[in-house]
Amino acid sequence: MLIRRLKCLRYLGTRHNSSHYVTTPIFYVNAAPHIGHLYSAVIADAHCRYQRLRNPEKDVRLCTGTDEHGTKIQQAAALHGIPVPKYCDDISERYREVFRSASIQTEDFIRTTEERHKRAVAHFWRTLHGRGHIYSAAYSGWYCVSDETFLTDSQLRLDESTGSRYSLESGHPVEWTEETNYMFRLSQFQDDVRHWVKQKARIRPAKFEKILLDSLSEPLPDVSVSRPSNRVHWAIPVPDDDTQTVYVWLDALVNYLSSVGYPNEGYTANWPPAQQVIGKDILKFHGIYWPAFLLAAGLEPPGQLFVHSHWTVDGQKMSKSRHNVVDPFQAARQYTMEGLRYFLLREGVAHSDGNYSHVKAQRILNSELADTLGNLLSRACAKSLNPGQIYPSANAEHLADLLRSLDAAKRLQDSLLQLSERCASHYECNHFHLVADTAMAALHAANNFFESSKPWTLKAGAPDANPPRLETIIAMTMDALRLCGIVLQPIIPQLATRLLDKLSIPTAQRGWNHLAHSLATSPASLGGSRQLDGQTSALLFQRILEEKVVKEQDEKEQQKPQPAKRSKSKKKERRETMS
């Protein structure tokens, strides 16, 4: 125990490489992707985009993919009347399409049916077996096909009326199973796993650390890590024993190693993962089994598990039986994929289930992306106020006067001065909703400043025309848009890019370090004006209309006269009359 503890302490030491390796779960292909899967991916993607923005010299690597083995896959393919390999190909490609559409920027998309993964699993198995951590034994217990796991009596609920048993956690039915399996000596790693969990910020949010420690307060039984081939044939064979296949969770967890090239030389450059993003339903597998497997194999466990909660729909759990599973592509038709991405990160909080509703999504996206952000850009770019279509330079005298005499200008300056530090703090914790809060507060201050300064009274031809003051107001407004655009790049990458493109901000000036240079932080360092990008529209985000309004508009369009078609009809009538 002492030797193992010393090894564990060494594993928990400081990372010495410059890699920042992040993973999502690999998604089970027994069904098409829904917004819960997309939520995992956008959390990981936003985290990685921030890391690249903040530390451009760091090698940031994001891996996602699909989990394609197990009984449920066999059953799903049979239900659809499709060969299992073809079924896996189809569903895996749908995940790829969703992630491409949502701008998930990955370095790898791994599938557990790939040969590189099968080789990694075989090597990992042989390592565990060679170290004496796997043994063969007759095994019996309550098995949940849906969850692909054996459950103890304390994890079951008995339905007195039918005598059937169900998983307490998932609610899925279980069946009594007796078979000869290979077992992993999980019980020997209980203290080491508990020690790993207790390290600072190892499991976040903190509520999930407590859940794991509660589970670890009871003795851990050894865990079955294989299944008979005649029962689960769609799986990776156990090395040197084709009568057994590798337990789907051991197979799946090794994907995080496969993606960085394990067991080939050089994989350690990216190991261990800095952060692994998972849903709360797979906490046990990642928070107990996974570190135990790794420690048994002589490998360092992940730096952090970031655990998120689930999504309900109008207050109800998503389920096929309720017909309320939200398809990301269908949702994107209403909100755009960028809008859906913003809503998930804006509304979701990791420690509690989020509630998805059309009313809420429409309200948030219209209020924040269309009005607060988009409308401010449109007003600053309006040709009536900005006929030259420039990002003007500020006049030093007018800038000082506005900051001295206008409360709204001072409030805007205060908001922008705090923007970088506050948002960095929130990003470090994956609190994307608080980043959005902070950015929107700054944009509200910018809107209030724009309204209070009344730039329309200063334009050419107005009684109080004052071009230098007008350009200073526009410069301050565009500076706020620039800063918020930089901050929001990890959350809404496409919209932020269009905003910064419109303002003609060079790509090399969109890093986190450029938040330090602004009219708010250093009013004396005033740059020259630049031409706005005429190829990029100032309309960032179209307001979302109620379906009823859209339908009425479509009907009105159909009722409008169509001259070209009517003209052809009249010509035809004349020809028919003449004949």
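The values are calculated or read from the model by the stated rules, or taken from the named source; none is laboratory data. Just so we're clear, the structure is a prediction, and the values are computed from it rather than from any experiment. Cβ atoms come from the backbone with ideal geometry, glycine included; neighbour counts cover every protein chain shown. For the accessible areas, the whole protein counts, side chains as well, though only heavy atoms, and no ligand, DNA or RNA atoms are used. Shrake-Rupley method; radii C 1.70, N 1.55, O 1.52, S 1.80 Å.
At-a-glance table
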| item | result |
| --- | --- |
| Strands (runs of 3 or more DSSP E) enclosed by region 205-318 - at least 3 residues per element that are in contact (Cβ under 8 Å) with a residue 12 or more places away in the chain, under 29 Å from the mean Cα position of the chain (by Cα) and over 23 Å from Val121 (Cβ atoms) | 305-308, 311-313 |
| Condition met for Val307 (more than 22 Å from Thr497 (Cβ to Cβ) and open to solvent by 50 Å² or more (accessible area, probe 1.4 Å)) | no |
| Pairs with Cβ under 6 Å, 6+ apart, first in region 48-74 and in contact (Cβ under 8 Å) with a residue 40 or more places away in the chain and more than 24 Å from Val98 (Cα to Cα), second small (Gly, Ala, Ser) and open to solvent by 40 Å² or more (accessible area, probe 1.4 Å) | Lys58/Ser18; Asp59/Ser18 |
| Candidates His129, His117, His195 - the one that is more than 32 Å from the chain's Cα centre (by Cα), surrounded by 12 or more Cβ atoms within 10 Å (Cβ to Cβ) and part of a helix (DSSP H, G or I) | His129 |
| Criterion violated by Asn355 - all others in (1) farther than 28 Å from Thr536 by Cβ; (2) of a type outside the set (Asp, Glu); (3) open to solvent by less than 50 Å² (accessible area, probe 1.4 Å); (4) in a helix (DSSP H, G or I) satisfied | (4) |
| Answer residue from region 319-352, given it is surrounded by fewer than 15 Cβ atoms within 10 Å (Cβ to Cβ) and among the hydroxyl-bearing types (Ser, Thr, Tyr) and is farthest from the chain's Cα centre (by Cα) among those | Ser321 |
| Only listed residue being surrounded by 22 or more Cβ atoms within 10 Å (Cβ to Cβ), in a helix (DSSP H, G or I) and in contact with a Gly (Cβ under 8 Å, 6 or more places away or on another chain), chosen from Leu499, Leu443 | Leu499 |
| Residue that is nearest to the chain's Cα centre (by Cα), among those in region 461-496 that are open to solvent by 20 Å² or more (accessible area, probe 1.4 Å) and closer than 20 Å to Ala446 by Cα | Gln489 |
| Criterion: open to solvent by less than 50 Å² (accessible area, probe 1.4 Å), at pLDDT 95 or above, out of contact with any Pro (no Cβ under 8 Å at 6 or more places or on another chain) and not basic (Lys, Arg) - qualifying residue of Cys429, Cys423 | Cys423 |
| Subset of region 377-410 that is under 25 Å from Leu495 (Cβ atoms) and in a helix (DSSP H, G or I) - its residue that is most open to solvent (accessible area, probe 1.4 Å) | Arg379 |
| Filter result for Leu515 (modelled with pLDDT of 75 or more and surrounded by 13 or more Cβ atoms within 10 Å (Cβ to Cβ)) | yes |
| Selection count where residues are of a type outside the set (Asp, Glu), in a loop (DSSP other than H, G, I, E, B) and open to solvent by 70 Å² or more (accessible area, probe 1.4 Å), scope region 135-171 | 3 |
| Residue tally, condition open to solvent by less than 30 Å² (accessible area, probe 1.4 Å) and either more than 19 Å from Cys144 (Cβ to Cβ) or touching a Cys at 6+ places or on another chain (Cβ under 7 Å) (or both), over region 218-240 | 4 |
| Enumeration of residues in region 452-475 that are under 17 Å from Ser405 (Cβ atoms) and part of a loop (DSSP other than H, G, I, E, B) | Lys454, Leu458, Asp464, Asn466 |
| Residue list for region 172-189, restricted to those being within 18 Å of Trp249 (Cβ to Cβ) and buried (at least 16 other Cβ atoms within 10 Å of the Cβ) | Val174, Thr177, Glu179, Asn181, Tyr182, Met183, Phe184, Arg185, Leu186, Phe189 |
| All positions within region 92-108 that are in contact with a Ser or Thr (Cβ under 7 Å, 6 or more places away or on another chain), crowded, with 18+ Cβ neighbours inside 10 Å and not in a loop (DSSP other than H, G, I, E, B) | Ser92, Tyr95, Phe99 |
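Results for (1) within 18 Å of Gln74 (Cβ to Cβ); (2) modelled with pLDDT under 95, shown as yes or no for each residue.
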{"site": "Ser224", "(1), (2)": "no, yes"}
{"site": "Pro228", "(1), (2)": "yes, yes"}
{"site": "Ile236", "(1), (2)": "yes, no"}
{"site": "Pro239", "(1), (2)": "no, no"}
{"site": "Gly261", "(1), (2)": "no, no"}
